[in-house]
Amino acid sequence: MEKITVTLGKRSYQITIASGLFEDPLSFLPLKAGNTAMLVTNKTLARLYLNKVRHTLERVDIHVDQVILPDGEQYKNLSVLEQIFTALLENSHGRDTTLIALGGGVIGDLTGFAAASYQRGVRFIQLPTTLLAQVDSSVGGKTAVNHQLGKNMIGAFYQPLSVVVDLTCLQTLPIRELSSGLAEVIKYGIILDAEFFVWLETHINELIDINPVAMAYCIRRCCELKAGVVAADETEQGVRSLLNLGHTYGHAIEAEMGYGNWLHGEAIAAGMMMAAHTALRLNQLSKLDVSRIRTLLIRAGLPVTGPKIMTPDSYLPHIMRDKKVLAGELRLVLPTAIGHAEIYTGLTKETIMSAVLDCQD
Ligand code: NAD
Ligand code: GLY
């Protein structure tokens with residue numbers, strides 16, 4: 001069993017990684033007999049894991065209610081969020097309740113935001129079931145819903161009580177979703193850890209085959225890297241912005257193509273290639289590094305070009321609404337070497353758009 005601490009003073013918490021954790025009541029500490037919890041999940045996960053988690057909690061006399069949401073990125077919105085509040089109110093949950101997010105990043109982000117705002121804040125636990133959620137979205141307290149005009153535009157920073165990664169979940173994950181998670185994994189190598197990037201170049205096939213030893217190491221390393229960044233900059237005033245590599249372009253793809261049509265990791269993969277090409281154009285990244293990033297993304301089953309139907313101009317309104325825009329000026333995360341990235345300002349629209357053209361089929 002691996003344990004990683006996200007160090008945030010009194011709000012510090014642990015990420016626990018092992019197989020079989022959903023069946024172990026200790027995973028849900030500090031919940032205890034007599035406590036009340038609301039399990040939040042979607043239709044797909046309800047079929048696969050809801051009874052297992054319910055049973056574990058009920059074995060130790062924790063009272064559990066549940067709300068089962070529709071499945072998909074297109075449901076990460078305010079009206080679906082309201083379904084969680086309705087379930088909480090209908091079942092008379094008070095401030096002492098705990099929300100438990102059982103699912104991928106969509107369920108985690110919705111549940112976290114519900115926990116941040118229900119009765120001005122209740123506890124919540126993350127049970128991430130996709131690779132993407134296990135290595136990224138369940139850690140660090142970013143919670144949000146989408147708006148028609150922009151991705152993750154309404155949300156809060158709100159940390160969970162704990163993150164419980166049961167590795168067995170990955171066995172049921174569709175391969176396209178696994179690849180989507182690998183985009184965020186590769187992101188960590190590009191921005192923070194050259195050695196990890198080399199490890200990925202060697203072990204990517206084992207990760208696609210869900211080799212348990214390789215996967216456990218990979219998730220642990222990603223969580224360590226993310227925990228370090230979050231501890232240093234919880235609310236993204238500085239270094240945390242680097243975790244958004246590829247997201248400025250990627251969020252434009254997700255919103256423009258209609259939420260759910262391009263998976264988050266797919267859009268981020270194409271977005272990271274666009275960021276790499278921007279850096280190449282500015283002579284900040286070598287051709288060799290661009291080619292290594294491209295090759296690894298392809299080997300992970302990810303796209304390295306944007307959607308054919310999106311023109312460079314169609315990216316622009318989304319890019320200007322990016323959360324990193326300050327005083328009207330765009331700030332873009334660019335890789336400067338494998339294992340290193342920086343924030344750039346003062347880029348011209350031409351440079352930003354040229355990179356989109358570089359990544360068109
Ligand atoms: P997702 O939550 O939509 O899950 C992907 C699909 O896999 C869904 O259909 C889901 O039902 C299914 N699924 C989940 N676990 C499964 C399992 N074990 N077996 C079978 N099917 C399973 O997508 P995601 O990729 O997990 O998350 C993407 C979301 O995360 C986006 O909304 C993105 O914005 C957000 N995100 C948030 C952060 C953050 O810091 N909060 C970071 C990265 C991404
Ligand atoms: N996924 C980016 C972050 O958590 O900051």
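Can you give the local net charge around N51? Use residues other than it whose beta-carbon is closer than 13 angstrom to its beta-carbon, Lys and Arg +1, Asp and Glu -1. Around N51, the charge tally is +2. Checking the cross-link pairs K32/K151; K10/K349; K3/K43; K32/K187 against a 32 Å limit on the alpha carbon distance flags K32/K151; K10/K349; K32/K187 as lying beyond it.
Highest mobility in the GNM of the chain, judged by mean-square fluctuation with C-alpha springs under 10 Å and restricted to I293, I62, I219, is found for I62. To the nearest 0.05, how large is the calculated FRET efficiency for I298 and L48 if R₀ is 35 Å and r is the Cβ-Cβ distance? So, using R0 = 35 Å, E works out to roughly 0.70.
Excluding same-chain neighbours fewer than eight residues apart, the aspartates and glutamates reachable from K287 by a Cα-Cα span under 14 Å are D358. The C-alpha atoms of the chain define a longest principal axis, and helix 212-232 lies at about 80 degrees to it. Once you reduce the stretch 26-79 and the stretch 216-264 to the center of their Cα atoms, the two points are 25 Å from each other.
Highest average first, the peptides 273-281, 24-32 ordered by how many other beta carbon atoms sit within 10 Å of their residues are 273-281, 24-32. So what's the net charge close to I107: Lys and Arg +1, Asp and Glu -1, counting the other residues with Cβ under 12 Å from its Cβ? Computed value for this residue: -1. Annotation: peptides 170-179, 142-151, ranked by per-residue average of other Cβ atoms within 10 Å with the highest first, follow the order 142-151, 170-179. Can you work out the FRET efficiency for the pair E206 and R95, with r the C-beta to C-beta distance and R0 = 45 Å, to the nearest 0.05? In this case the efficiency is close to 0.50.
Each residue of the stretch 348-360 was assigned a 3J(HN,Hα) from its phi angle through the Karplus expression (A = 6.51, B = -1.76, C = 1.60, θ = phi - 60°), giving 7, 4, 4, 5, 4, 6, 4, 5, 5, 5, 4, 10, 9 Hz with x at Gly and Pro.
Put the Cα centre of the stretch 159-176 next to the Cα centre of the stretch 274-350 and the gap is 29 Å. Each helix, a run of at least 4 DSSP H residues, gives -39500 (n - 2.57); summed and divided by the residues of the chain, these come to -13500 deg cm²/dmol at 222 nm.
Every number here is computed from the coordinates shown, using simple stated rules; none is lab data. These numbers were taken from a predicted model, which means no experiment stands behind them. A quick note on method: Cβ atoms are made from the backbone with ideal geometry, for glycine too, and the neighbour counts reach across all protein chains shown.
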